[in-house]
Amino acid sequence: MLQINRVKTILGLAGALAISLATSEASAAQVKRFFIGVGTMSAENWVDFVKGASQTIHSVDPNVQITVLQSDFQGQKLLSDISSAFAGGCGDCIALVDTASIAFTKAIVEKAQEAGAKIVTVYNRPEDNHPWDTASDAWVANIAFDATQIGYMTGKSLCDALGGKGKIAALGGVPDNPPAKRRLEGLDKALKECPGVELLDTRFANWAATEAQSVTRGWITRFGDDLNGVFGSNDAMGMGAIAALRENGLNGKVKVTGGDGTVAYWELITKGDALSTVHDDNFNFGAYGAALAYAAAVGDVKLDQLTHAQRDFYLKQKLVDAKNVGGVLEGYRNVDLTKLSYQVLKQDFWAESAGQIGQGDMK
């Protein structure tokens, strides 16, 4: 049975699909519990992440107990929850977690090692810690989307939509969070190629729509007609900005970007309210992370035989705007989760890799 802790809603979490695999009963029995640590289950990208991960593990064994731990982007909260989950040993456990902050990643992977669990992290890895040199018997891999590329692609689209001239403001995620910093660095890279666009202000809204809406209201009052665009580091903040603009009849007039690739945001692109976002395939994100954790636990991969690029890598992504949003939406609505079975992913755990995470990318 799927056990969900501290989650208000799963929004139709996909049921387990039992698929007959060429996995021995002894191997399957090694994994009995699976912990998934996410930022918030109120965000569609994390819901899809959990769906993909759950699909993969339950394709091997529908009896694996899955527990979702919601951090609310507070690393200390997740560390406390993980510590409780691993208490007393966890040799039959695997984990797939967003540690919320680089400050807690080392402690969390070391907790996994102490407990005998295998763990895959996503997004937040300290620059000087890697799966091959920190808790290396437990820390299987770190997987992310290239946050700099996200910021660059959406920032460039904003520049192009403004004809290379105008004034914008930027919404950042969480201070000192590598993905948040990288997305803003991507915007900075785009603006250097577009000197006619001026950045008026940058504020952090903690990845949240309500905070972004409040910040954008302030910008509308402060900048008035000078505000031509809003760079949203993720879709939730982009939607918050659009809500504030809608209150003033400015939706569609002030260009707004996102950065996660959610259905709600893609639909706003089709309506003309939003300009662009990306397609980060979060089903794949969760599935490949879960598959690697499971493979390490049952011996289908040997950690000391993997390259650095196989233990610390980006996944593929693409820009979504008015030109391709229809096809992206159709593909998402007709997604075939059975393709995320462990048996399928096992053929190539790195099929969706976009390459090793670069030096300096996790600062």
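The values are calculated or read from the model by the stated rules, or taken from the named source; none is laboratory data. Only a predicted model underlies this, so the values are computations on that prediction, with no experimental measurement involved. All Cβ positions, even for glycine, are placed from backbone atoms using ideal geometry, and neighbour counts span all protein chains on display. We work out accessible area using only protein heavy atoms, side chains counted, and drop any ligands, DNA or RNA first. Shrake-Rupley method; radii C 1.70, N 1.55, O 1.52, S 1.80 Å.
With the requirement that a residue be assigned to a loop (DSSP other than H, G, I, E, B) and within 16 Å of I150 (Cβ to Cβ), what does the stretch 235-256 give you?
Across the stretch 235-256, there are no qualifying residues.
Mind listing whichever residues of the stretch 310-363 are within 25 Å of T262 (Cβ to Cβ) and charged (D, E, K, R)?
Hits for the stretch 310-363 are K316, K318, D321, K323, E330, R333, D336, K339, E352, D361.
Taking the condition of being surrounded by fewer than 22 Cβ atoms within 10 Å (Cβ to Cβ) and assigned to a helix (DSSP H, G or I), how many residues in the stretch 267-283 meet it?
Final tally of qualifying residues: 3.
Can you name the residue in the stretch 307-363 that is of a type in the set (G, A, S) and in a loop (DSSP other than H, G, I, E, B) and is also modelled with the lowest pLDDT among such residues?
G360
Please work out if G52 is out of contact with any strand residue (DSSP E or B) (no Cβ under 8 Å at 6 or more places or on another chain) and open to solvent by less than 10 Å² (accessible area, probe 1.4 Å). Full working, then the answer.
On the way: out of contact with any strand residue (DSSP E or B) (no Cβ under 8 Å at 6 or more places or on another chain): yes; open to solvent by less than 10 Å² (accessible area, probe 1.4 Å): yes.
So G52 passes the test.
Could we say that K253 is among the charged types (D, E, K, R), over 22 Å from the mean Cα position of the chain (by Cα) and modelled with pLDDT of 95 or more here?
Considered against the rule, which asks whether it is among the charged types (D, E, K, R), over 22 Å from the mean Cα position of the chain (by Cα) and modelled with pLDDT of 95 or more, K253 comes out as yes.
Could you give me the residue pairs with C-beta distances under 9 Å whose first residue belongs to the stretch 325-340 and is more than 17 Å from V47 (Cβ to Cβ), whose second residue is open to solvent by 50 Å² or more (accessible area, probe 1.4 Å) wherever it lies, and which are 6+ apart or on separate chains?
V325/E267; V325/T270; G326/T270; V328/K318; T338/L17; T338/V344
Tell me which of these G259 doesn't satisfy, since it passes every other one: (1) assigned to a loop (DSSP other than H, G, I, E, B); (2) over 23 Å from A190 (Cβ atoms); (3) open to solvent by less than 10 Å² (accessible area, probe 1.4 Å).
(2)
State all residues of the stretch 189-218 that are touching a residue at least 60 places away in the same chain (Cβ under 8 Å) and surrounded by fewer than 15 Cβ atoms within 10 Å (Cβ to Cβ); if no residue qualifies, say none.
Passing the criteria: none in range.
Inspect the stretch 57-71 for any residue being closer than 19 Å to A293 by Cα, out of contact with any His (no Cβ under 7 Å at 6 or more places or on another chain), hydrophobic (A, V, I, L, M, F, W, C) and at pLDDT below 90 and give the result as yes or no.
no
Does the stretch 212-234 contain any residue that is farther than 18 Å from F145 by Cβ, of a type in the set (D, E) and in a loop (DSSP other than H, G, I, E, B)?
no
I'd like to verify a number: residues in the stretch 167-184 that are assigned to a loop (DSSP other than H, G, I, E, B) and either free of Cβ contacts under 8 Å to residues at least 24 places away in the same chain or not aliphatic (A, V, I, L, M) (or both), how many?
The total comes to 4.
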